[in-house]
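Take a look at the structure below.
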Amino acid sequence: MTDTTMTPTEGAIPILSIDGLNVDFRTRGGVVHAVRGLGFDVHRGEMVGVVGESGSGKSVTAFNIMGILDSAGQVTGGKVMFRGLDLINAPESALRQIRGREASMIFQNPRVALNPIRTVGDQIEDVLRRHTTILRRDMKQAAIAALDAVRIRDPEDRYNAYPFELSGGMCQRVMIALALACDPDLLIADEPTTGLDVTTQKTIMDLIQDLGRERNLATVLITHDLGLASRYCQRLVVMQSGEVVESAATMTLFTAPRHPYTQKLIRATPRLDSRLADLTGEARAAGSVSAERATTSAEPLLSVRNLVKEFDSGASTGWFARLRGKGTDATPFRAVDGISLDVMAGESVGLVGESGCGKSTTSSIVTRLLDPTEGQVLFDGQDLALIPAAGFALRPERKQIQMVFQDPTESLNPRFTARRCIADPLLRLAGMSDAAAREERVVELADMVGLPVDLLGRFPHQLSGGQKARVGIARAISVSPRLLILDEPTSALDVSVQAIVLNLLADLREKLGMSYLFVSHDLNVVRLLCSRVIVMQAGRIVEEGPASEILSNPRDPYTRALIDAVPHLDMDAANRLAKAEEPA
Amino acid sequence: MKAFLKHLRYVLTENPVTLVAGSMFLMLILLGLFGPWIVPYDPLASSPAALQPPSAQHWFGTDQLGRDVFSRVIVATRLDLTIAIVAVALSFVAGSVFGSIAGFYGGWADRIVGRVTDTIMAFPLFVLAMGIVAALGNTVENIVYATAIINFPFYARVARAEVNVRRGAGFVQAARLAGNSDLRLLATQIYPNVLPPMMVQVSLNMGWAILNAAGLSFIGLGVRPPTPEWGIMVAEGATYIVSGEWWLALFPGLALMLAVFCFNLLGDGLRDLIDPRQRT
């Protein structure tokens, strides 16, 4: 199954070898086979990517290697050999020796994985104390050295920092420092960059790669992002519902994917040059680009002027400061710092930036869920900023601006069925009090977004991520808004689902003539749907222009960094990686 | 309705504890409803056969006035349950309303509700209940009010905390976009999601309310003899334990214990019943 001829370390004994692994979970609905017949090898000095969508069993695999599987999970067959030791039948005491010292793991969410009430230095010392013979007086020095190794600036200061004082990227560095403190031979990184910004993602992944090379580590990268895996891994294992569907060297996998699932996954991952139609492999109605040109008029539907939003910085507005009359001294934090933008009727504009750049605040103000501190929100010539957000829900203008939320799970009321979710705006905004007419419209909407009508009676937890996204979109378009704000509508979805949802959004815009304001951190995705892109940084607009122009020729250094950081599925990078590995 | 019954059956069969608690609860309700008609003796009628130990005629024996203890224990179910249910319902409604408003609007509403609950919690609750009954007058209604007042903070706090975390949730924002006013949002979108933890609180509180009512009558407040009530019966029977007539206090005490036990066990089942996420 494994294409061993492609590995650079052919003939060497693998440090980790998994063969025919089966893992079952006992649940209320019966036994679930989470992993079936999994097998792959990892050698020293290489990075192997385990790629798959949610529920494919990739995290279960990682937990299994480390022997920290949930008690409901059970290994029912196969072997996990780590340097000749059978990890599945090894006693807990032996595993405890291996964990941290010889095999380490980096978790998905660094903030959750770090103990919030202990300093970073203490947590590193814990690991050192357990697994090394470093003397107590040298411990602090060793911990600082570990922080220094992951390129944390001022490690002496950071030694005393608590996790909440550090940024997400910084926390992940600390996690890596923890994982590598005892010089392990095997590092398992389980989605190490989920929830981090793209530029942070790049620095973290570069760090893992560099450290891996320096220390001749065997690394297993578990990820859902094929682009990321292609950039850093020599070999890839593609998993689907618990089974390995394909396993090959990165180059081979991309140039000649054999399994249909791999092909679908590669197609669905947006590249620099891909178009929407490429993602699903289906032919879309021709002339969509020209149609877009035709429907875009010169009249701005929405124009935002000098928008400012300040938040209290909180720090010195406590009762003590207020008591001393110093509350007013605190300079409020400017989340949005005087931005102006236009969205033409029928146009689709992308608003791109990293977390904290103010893009979500801007979209909340435009949606009128939040009041701006200053500035105008002109919608069809009328200044909506004059209407307080608190009373906007009951205004007739509410119908015109709707939003698709980031997290389809969180944005659906767990106690409402899909039908009731979609019908709610119809009842409140469109005033459709006739149940039969409402039902007819709900069915029509479900049909429009491709949601099977028999799923309408289900609760959100009974729907898949893609189906929930469809419910969210159906709800947003139910009252035929003229402006639809898309707040990272695909960031919580798997790539194959993302491809379908993006296509759906493009189709709907064509059909209904809405304007889109697409808020996202992913330039690659924005480019697919938007003709014009606005790049934001620290509350300001740094660059604005046609999507193709910005991507091919960014003027601002920040935009360039952003574009570079997005891991593309590009053959050149994989090629370079393969070449670099050859002499080794 | 059909789906609900199916779910009810699922919840009951999945967890044997819930099944046991559910059947006990059903039995208590039936005894409360039909108790006076099924008992073998008049609970108030005295007879010459005083202080008889349990026998075939008198299952739980007779008391100092020759009244049948079994009949009195059964008949008392209605009064004790009524006091507990009405008191819990009152504090549940008041706590939900004020707690939700405090959690949703924050600011002054939150501060006022917060300080009121803090003030109530600052007293030893049973002593506070005694004080309220003593001040308002020694009647059954006032026992209900006193029990409701001392239970109010628990509901207000749970409702406040649960509403507060959901205030900014995505589905709430979405509902706002759908044109729901704040009040409607709170009532139809947020509050139903707060129900599962509130139901657990209800079931725990119910047992506590029964104990509280019995406790008040034990010390002579509220219900007065000769009304059959578990608390009074334990109080009256207590004096006879030393002389060996243990059945006077034991059986009403046992009834009290079973009722409290039943409500405490019911919590998880109630939550599962009310949470749609448990339906698969």
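The values are calculated or read from the model by the stated rules, or taken from the named source; none is laboratory data. The model shown is predicted, which means the values in this text are computed figures rather than measured ones. Please note: Cβ atoms are built from the backbone with ideal geometry, for glycine as well, and neighbour counts cover all protein chains shown.
Pick from segment A:125-156 the residues that are under 30 Å from the mean Cα position of the chain (by Cα), assigned to a helix (DSSP H, G or I) and touching a residue at least 24 places away in the same chain (Cβ under 8 Å): which of them is surrounded by the fewest Cβ atoms within 10 Å (Cβ to Cβ)?
Start the filter on segment A:125-156 by keeping residues that are under 30 Å from the mean Cα position of the chain (by Cα), which leaves A:127, A:146-155.
Filter once more, so that each one left must be assigned to a helix (DSSP H, G or I): A:127, A:146-149, A:155.
Within this subset, residues satisfying the condition of being touching a residue at least 24 places away in the same chain (Cβ under 8 Å) are A:127, A:146-147, A:149.
Working: A:Val127: 21, A:Ala146: 26, A:Leu147: 25, A:Ala149: 18.
The extreme case among them is A:Ala149.
With crowded, with 19+ Cβ neighbours inside 10 Å and in contact with a Leu (Cβ under 9 Å, 6 or more places away or on another chain) as the only criterion, which of A:Gly346, A:Gly338 stands out? Full working, then the answer.
Numbers: A:Gly338 fails: crowded, with 19+ Cβ neighbours inside 10 Å.
Unique residue meeting the criteria: A:Gly346.
Suppose we keep only residues that are at the interface with chain A (Cβ under 9 Å from one of its Cβ atoms) and of a type in the set (A, V, I, L, M) within segment B:159-189. Which one would you say is surrounded by the fewest Cβ atoms within 10 Å (Cβ to Cβ)? Talk me through it step by step, then tell me what you get.
So in segment B:159-189, the residues at the interface with chain A (Cβ under 9 Å from one of its Cβ atoms) come out as B:169-182, B:184-185, B:188-189.
Retained after the next criterion (residues that are of a type in the set (A, V, I, L, M)): B:169, B:172, B:174-175, B:177-178, B:185.
On the way: B:Ala169: 18, B:Val172: 22, B:Ala174: 25, B:Ala175: 25, B:Leu177: 30, B:Ala178: 27, B:Leu185: 20.
Only one residue fits best here, namely B:Ala169.
Checking B:Tyr155 against (1) assigned to a helix (DSSP H, G or I); (2) within 14 Å of chain A (Cβ to nearest Cβ), only one condition comes out false. Which one?
Result: B:Tyr155 fails condition (2) only.
Quick check on segment A:368-388: of everything there that is more than 8 Å from chain B (Cβ to nearest Cβ) and either closer than 20 Å to B:Val163 by Cα or of a type in the set (Lys, Arg) (or both), which residue is surrounded by the most Cβ atoms within 10 Å (Cβ to Cβ)? Spell out the reasoning first.
Let us first name the residues in segment A:368-388 that are more than 8 Å from chain B (Cβ to nearest Cβ), namely A:368, A:370-388.
So of that shortlist, the ones also either closer than 20 Å to B:Val163 by Cα or of a type in the set (Lys, Arg) (or both) come out as A:368, A:370.
Working: A:Arg368: 26, A:Leu370: 17.
Restricting to residues being more than 8 Å from chain B (Cβ to nearest Cβ) and either closer than 20 Å to B:Val163 by Cα or of a type in the set (Lys, Arg) (or both), the top hit is A:Arg368.
Kindly provide the set of residues from segment A:186-236 that are farther than 17 Å from A:Asp494 by Cα and in a strand (DSSP E or B), ordered by number.
A:Leu186, A:Leu187, A:Ile188, A:Ala189, A:Ala218, A:Thr219, A:Val220, A:Leu221, A:Arg235, A:Leu236
Restricting attention to segment A:12-51, and to residues there that are out of contact with any Gly (no Cβ under 7 Å at 6 or more places or on another chain) and at positive phi, which single residue is surrounded by the most Cβ atoms within 10 Å (Cβ to Cβ)?
A:Gly45
Being touching a helix residue (DSSP H, G or I) at 6+ places or on another chain (Cβ under 8 Å), under 18 Å from B:Ala84 (Cα atoms) and of a type outside the set (Ser, Thr, Tyr), is that true of even one residue in segment B:235-250?
no
Give the residues of segment A:389-427 that are more than 10 Å from every other protein chain (Cβ to nearest Cβ) and more than 16 Å from A:Leu456 (Cβ to Cβ), sorted by residue number.
A:Glu397, A:Gln400
Would you mention how many residues in segment A:161-185 are in contact with a helix residue (DSSP H, G or I) (Cβ under 6 Å, 6 or more places away or on another chain) and part of a loop (DSSP other than H, G, I, E, B)?
Of the residues in that region, 3 qualify.
Restricting to segment A:82-124, name every residue that is in a helix (DSSP H, G or I) and either under 18 Å from A:Ala143 (Cβ atoms) or touching a Pro at 6+ places or on another chain (Cβ under 7 Å) (or both).
In the first step, residues of segment A:82-124 are kept if they are in a helix (DSSP H, G or I); the result is A:92-98, A:110-113, A:120-124.
Listed by number, the residues that qualify are A:Pro110, A:Arg111, A:Ala113, A:Val120, A:Gly121, A:Asp122, A:Gln123, A:Ile124.
Restricting segment A:450-460 to residues that are surrounded by fewer than 15 Cβ atoms within 10 Å (Cβ to Cβ) and assigned to a helix (DSSP H, G or I), which is nearest to the other protein chains (Cβ to nearest Cβ)?
Ranking the qualifying residues of segment A:450-460, first place goes to A:Asp454.
Hey, can you tell me all the residues within segment A:191-242 that are in contact with a Phe, Trp or Tyr (Cβ under 6 Å, 6 or more places away or on another chain) and not β-branched (Val, Ile, Thr)? Break it down into steps so the answer makes sense when it comes.
Here is the first cut: in segment A:191-242, the ones in contact with a Phe, Trp or Tyr (Cβ under 6 Å, 6 or more places away or on another chain) are A:205, A:209, A:237, A:240.
Within segment A:191-242, A:Met205, A:Gln209, A:Gln240 meet the criteria.
Mind checking whether some residue in segment B:52-67 is modelled with pLDDT under 90, in contact with a strand residue (DSSP E or B) (Cβ under 6 Å, 6 or more places away or on another chain) and surrounded by fewer than 21 Cβ atoms within 10 Å (Cβ to Cβ)?
Yes, because at least one residue in segment B:52-67 is modelled with pLDDT under 90, in contact with a strand residue (DSSP E or B) (Cβ under 6 Å, 6 or more places away or on another chain) and surrounded by fewer than 21 Cβ atoms within 10 Å (Cβ to Cβ).
Among the residues of segment B:26-51, which ones are closer than 23 Å to B:Met206 by Cα, touching a helix residue (DSSP H, G or I) at 6+ places or on another chain (Cβ under 8 Å) and surrounded by fewer than 15 Cβ atoms within 10 Å (Cβ to Cβ)?
B:Ile29, B:Leu33
Exactly one of (1) in contact (Cβ under 8 Å) with a residue 60 or more places away in the chain; (2) away from chain A (no Cβ under 13 Å) is unmet by B:Val194. Its number?
Only one criterion is unmet by B:Val194, namely (2).
Looking for something under 13 Å from the mean Cα position of the chain (by Cα), within 14 Å of chain A (Cβ to nearest Cβ), in contact (Cβ under 8 Å) with a residue 12 or more places away in the chain and surrounded by fewer than 22 Cβ atoms within 10 Å (Cβ to Cβ) - is there at least one such residue anywhere in segment B:199-220? Spell out the reasoning first.
If we filter segment B:199-220 for residues that are under 13 Å from the mean Cα position of the chain (by Cα), which is where we start, we get B:199-214.
Going one step further and asking which of them are within 14 Å of chain A (Cβ to nearest Cβ), we end up with B:199.
Filter once more, keeping what is in contact (Cβ under 8 Å) with a residue 12 or more places away in the chain: B:199.
Okay, now just the ones that are also surrounded by fewer than 22 Cβ atoms within 10 Å (Cβ to Cβ), so B:199.
Taking every residue of segment B:199-220 in turn, at least one turns out to be under 13 Å from the mean Cα position of the chain (by Cα), within 14 Å of chain A (Cβ to nearest Cβ), in contact (Cβ under 8 Å) with a residue 12 or more places away in the chain and surrounded by fewer than 22 Cβ atoms within 10 Å (Cβ to Cβ).
Being within 26 Å of A:Asp494 (Cα to Cα) and in contact (Cβ under 8 Å) with a residue 40 or more places away in the chain, is that true of even one residue in segment A:86-100? Lay out the reasoning, then the answer.
If we filter segment A:86-100 for residues that are within 26 Å of A:Asp494 (Cα to Cα), which is where we start, we get none.
Within segment A:86-100 (the criterion being within 26 Å of A:Asp494 (Cα to Cα) and in contact (Cβ under 8 Å) with a residue 40 or more places away in the chain), the answer is no, since none of the residues qualifies.
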